[in-house]
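The values are calculated or read from the model by the stated rules, or taken from the named source; none is laboratory data. Note that the structure is a prediction, hence the values are computed from the model and not measured. Quick reminder, even Gly has a Cβ in these numbers, built from the backbone with ideal geometry, and neighbours come from all protein chains shown.
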Ligand code: UDP
């Protein structure tokens, strides 16, 4: 039987939409070309029985009560506040760069007092803003050259100033001792993992994994496509730029390798960060599993498109794809990080899917 709605992609966007539309009494089919639910937020036990995120660390955080309440219908939570250290000039400092990092890197300086007078206690100052302040030029340059420039060049293939300011603004300089990576009100990990949460969301829905929609042959009345918008339209206006990542997973027979879940290596030649999953999940195990990320350019059919490039460059091409999308709406709708071509966090994707579902 032809479904009312075919949802392509079983990541956050697709699972939320499938759940909402099915709850509204629609016949829904959810397909994904990968053999598992959850998109890049999928988690699973590795060969050593350690719960890992095969597509890199996913840490849930949101300011939205509505998003929190919605997801809480499908999971309980493990309280978890994310902390990141960066290895800079051979020593580990808190990231975001905060007052603790400032005192460690500039002992005895008057910078702290001057920053607090200029910006106020607790301020969160994007590095690109700090660089515009003549009084703090030396400090800003020190942080920029060590933390932001080399990391960003690796992560995106371009420098911070070629990206939307919001990208490096995600990790501001923080004028307090708060060393949490996210300031959000709600931060936690799904207690049994993301995959278990997605399984509960789509329970009772017709889910077909390992099915490539773009290969053709699937019938539908209406469609939500959550994959790359350029791929949907056969790349007719060209290939939008995405960044990809290589994940090198490893297991070590020691209990812990690093003091926090994520250590960033801005100054290393190729890798950006290393994640030790047990810190995230709270799992107790004698060994430990880690993942090293090396960013690379995305090539369609070869690598996975993880990040849309948040930069002015692709906007003209994106506008042409959005015109195509408007022409096929409302029978075909687009949503999600790849279909909207937006550097969304998980909670933003959930909010987007909830809003779209309500409008449908
Ligand atoms: N960033 C950086 N150095 C770091 C951490 C982050 O320059 O040590 C910049 C970089 O441009 C990165 C952006 O801040 O892409 C956002 O970092 P975030 O950790 O939020 O990225 P994600 O977890 O989404 O990959």
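Residue-by-condition table, conditions (1) more than 13 Å from the ligand (Cβ to nearest atom); (2) surrounded by fewer than 21 Cβ atoms within 10 Å (Cβ to Cβ):
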| position | (1), (2) |
| --- | --- |
| 218 | yes, yes |
| 236 | yes, yes |
| 263 | no, yes |
| 275 | no, no |
| 284 | yes, yes |
| 297 | yes, yes |
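Does residue 199 satisfy the condition of being modelled with pLDDT of 95 or more, more than 16 Å from the ligand (Cβ to nearest atom) and loosely packed, with under 15 Cβ neighbours inside 10 Å? It would help to see each step written out before you state the result.
Numbers: modelled with pLDDT of 95 or more: yes; more than 16 Å from the ligand (Cβ to nearest atom): yes; loosely packed, with under 15 Cβ neighbours inside 10 Å: no.
No: the conditions fail for residue 199.
Looking at the stretch 6-90, what strands (runs of 3 or more DSSP E) fall wholly within it and have at least 2 residues that are free of Cβ contacts under 8 Å to residues at least 24 places away in the same chain?
Per the criteria, no element qualifies.
What pairs can you find where one residue is in the stretch 115-141 and farther than 16 Å from residue 160 by Cα, the other is at pLDDT 95 or above and assigned to a helix (DSSP H, G or I), and their Cβ atoms are less than 6 Å apart, with a gap of 6+ or different chains?
Sorted first by the residue in the stretch 115-141, then by its partner, the pairs are 136/130; 139/111.
Does the stretch 238-261 hold any residues that are within 15 Å of the ligand (Cβ to nearest atom) and not in a loop (DSSP other than H, G, I, E, B), and which are they?
Scanning the stretch 238-261 gives 242, 243, 244, 245, 246, 247.
Test residue 269 against the criterion of being free of Cβ contacts under 8 Å to residues at least 24 places away in the same chain, out of contact with any strand residue (DSSP E or B) (no Cβ under 8 Å at 6 or more places or on another chain) and over 19 Å from residue 83 (Cα atoms), and give yes or no. Don't jump to the end; show me each part of the working.
Numbers: free of Cβ contacts under 8 Å to residues at least 24 places away in the same chain: yes; out of contact with any strand residue (DSSP E or B) (no Cβ under 8 Å at 6 or more places or on another chain): yes; over 19 Å from residue 83 (Cα atoms): yes.
Yes.
Across the stretch 134-182, what is the number of residues that are out of contact with any strand residue (DSSP E or B) (no Cβ under 7 Å at 6 or more places or on another chain), assigned to a helix (DSSP H, G or I) and either near the ligand (Cβ under 10 Å from one of its atoms) or closer than 20 Å to residue 241 by Cα (or both)?
The number of residues fulfilling the criteria is 14.
Which condition does residue 323 not pass, out of (1) within 16 Å of the ligand (Cβ to nearest atom); (2) at pLDDT 95 or above; (3) more than 18 Å from residue 14 (Cβ to Cβ), if it passes all the others?
(1)
Which one is nearest to residue 259 (Cα to Cα), of the residues in the stretch 49-72 that are away from the ligand (no atom under 16 Å from the Cβ) and under 18 Å from the mean Cα position of the chain (by Cα)?
Result: 52.
Going by the conditions given, is residue 75 surrounded by 15 or more Cβ atoms within 10 Å (Cβ to Cβ) and within 21 Å of the chain's Cα centre (by Cα)?
Details: surrounded by 15 or more Cβ atoms within 10 Å (Cβ to Cβ): yes; within 21 Å of the chain's Cα centre (by Cα): yes.
When the stated conditions are applied, residue 75 passes them.
Here's a check for you: in the stretch 172-195, which residue that is crowded, with 16+ Cβ neighbours inside 10 Å and over 30 Å from residue 127 (Cβ atoms) is farthest from the chain's Cα centre (by Cα)?
192
Could you please find all residues in the stretch 202-216 being touching a helix residue (DSSP H, G or I) at 6+ places or on another chain (Cβ under 8 Å), loosely packed, with under 14 Cβ neighbours inside 10 Å and in a loop (DSSP other than H, G, I, E, B)?
204 - this is the single residue of the stretch 202-216 that is touching a helix residue (DSSP H, G or I) at 6+ places or on another chain (Cβ under 8 Å), loosely packed, with under 14 Cβ neighbours inside 10 Å and in a loop (DSSP other than H, G, I, E, B).
Which members of the stretch 327-343 meet the condition of being within 16 Å of the ligand (Cβ to nearest atom) and surrounded by 19 or more Cβ atoms within 10 Å (Cβ to Cβ)?
Listed by number, the residues that qualify are 336, 337, 338, 340, 341.
Could you tell me which numbered condition residue 188 fails, if it satisfies all but one of (1) in a helix (DSSP H, G or I); (2) more than 14 Å from the ligand (Cβ to nearest atom); (3) in contact with a strand residue (DSSP E or B) (Cβ under 8 Å, 6 or more places away or on another chain); (4) farther than 30 Å from residue 6 by Cα?
In the conditions (1) in a helix (DSSP H, G or I); (2) more than 14 Å from the ligand (Cβ to nearest atom); (3) in contact with a strand residue (DSSP E or B) (Cβ under 8 Å, 6 or more places away or on another chain); (4) farther than 30 Å from residue 6 by Cα, residue 188 misses (1) alone.
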